[in-house]
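Just below is one structure, and these are the notes that go with it.
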Amino acid sequence: MTQTKQTTAKTNWLYLCVCIMLCMVLAGCGSFEQPVMQPPTNTALAETVSDSATETPTMAPTVTTIAPTATPTDLPPTATPEPTATPEPTSPPQSPIDRLVAVRNAENGAVLFQTFQDAANYSCANCHSPSSEKKLIGPGLLNIKERAAERSPEQSPAEYIYQSIVDTNAYVVEGYDADLMPANWAEIYSELEIFDIVAYLMTLEGRSDIDDPDPADEAPPVDMSVYGEIALPDSADAERGAALFAELQSDAGFACAGCHFIDSESRLIGPGLQNIAARAETRVDGQHAVDYLFNAIVNPSDFVVQDYEAGIKPSNYAQIFSEAEVYDIIAYLLTLE
């Protein structure tokens, strides 16, 4: 037991000595320093570069540089697109009357328009002027196609004109009396003849004269002394004569204007009266213009113009007009130049 304790004491003493010696060694060597990393030397770097230079370089992929496309400077400006045109409305389908009128004979219609019809006691031209929009007895028919389109919008112009002939009171123009127009034209003319007349009326186009002054309003004073031995009385009034000339005379069944053009020498039913003063001077030997015209009004059968029939002109104007009124009419006729 004593031996064991001795052994342990020796061991502990030896362990203590070793620790003391170790501490002394450490104290003599100083503290530990952290090692510092040194960069590689230039020599090493040069060797590395040299080694790399000797190696065969790897071929880099070829890069093709494409120049940007030049923006053209001389191109015309882009055109602004035209607006899409609105399609024009299609014309309404033609009625059977429109189609028939389109193929009929307007020239024959003109003849029928001017032909006196015993059954009606008129011709169309007695009451309607084809060369004026002004009232004669009925409305003037110049530009009637245009006005007909406004009169009855639900009808075409041809339909309106046709109906006005065959059914005269279907549409009465403002300012005119119903029953003024003969109602038996559909009995006098055949259906095709009426279509001819409508075709003719559809051709009557020209400058509107509705606002033009009447000829009597513009007529210069007339020196009546130049018209032969029989001078008009000083009281003769051309303006009054123009009104009498255009007025329907119920006792005669006509107005003078219903049978004679005043702006033409062409025949209507009687001769046209434009420039009648000059022609009247030469009609009957021994008669000058004034006495010839006076006699032609009151005694129409004394002298019948060539190619005209006796009895066409009413013979009762001497009973209808006073002598003064006859001279008024002659004064008006002498202004028609």
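The values are calculated or read from the model by the stated rules, or taken from the named source; none is laboratory data. Source: prediction; values computed, not measured. Cβ: placed from backbone, ideal geometry, glycine included. Neighbour counts: every protein chain shown. SASA here: full protein model, heavy atoms, side chains in, ligands and nucleic acids out. Shrake-Rupley method; radii C 1.70, N 1.55, O 1.52, S 1.80 Å.
Describe numerically, in nm with one decimal, the distance between label points set 7 Å from Cα along Cα→Cβ at Y171 and at S95.
Between Y171 and S95, the label points sit 0.9 nm apart.
For I97, I194, write out the residues from largest to smallest accessible area, computed with a 1.4 angstrom probe and no ligands counted.
Listed by decreasing accessible area, they come as I97, I194.
Cβ under 13 Å from Q274's Cβ, Q274 left aside: what net charge do those residues give with Lys, Arg +1 and Asp, Glu -1?
-1
Keeping all protein chains in place and using 1.4 angstrom, which order do Y122, Y160 fall into by accessible surface area, from largest down?
From most exposed to least exposed: Y122, Y160.
Could you give the accessible area per residue of the stretch 139-185, probe 1.4 Å, as a whole number in Å²?
53 Å²
Give me the accessible area of D291, 1.4 Å probe, in Å² rounded to the nearest 10.
That residue has around 30 Å² of solvent-accessible surface.
Roll a 1.4 Å probe over the protein heavy atoms and report the accessible area of C17 in Å², nearest 10.
Accessible area, nearest 10 Å²: 40 Å².
Out of every Cα-Cα pair in the stretch 230-337, what percent are more than 23 Å apart?
Here the tail beyond 23 Å accounts for 17 percent of pairs.
Once the whole set of protein chains is in place, how much accessible area is left on E191, using a 1.4 Å probe, in Å² to the nearest 10?
90 Å²
State to the nearest 20 debye the size of the charge dipole of the stretch 110-185 about its Cα centre, where the only charges are +1 on K and R beta carbons and -1 on D and E beta carbons.
About 260 debye.
Would you list S315, S264 from the most to the least accessible area, probe 1.4 Å?
S315, S264
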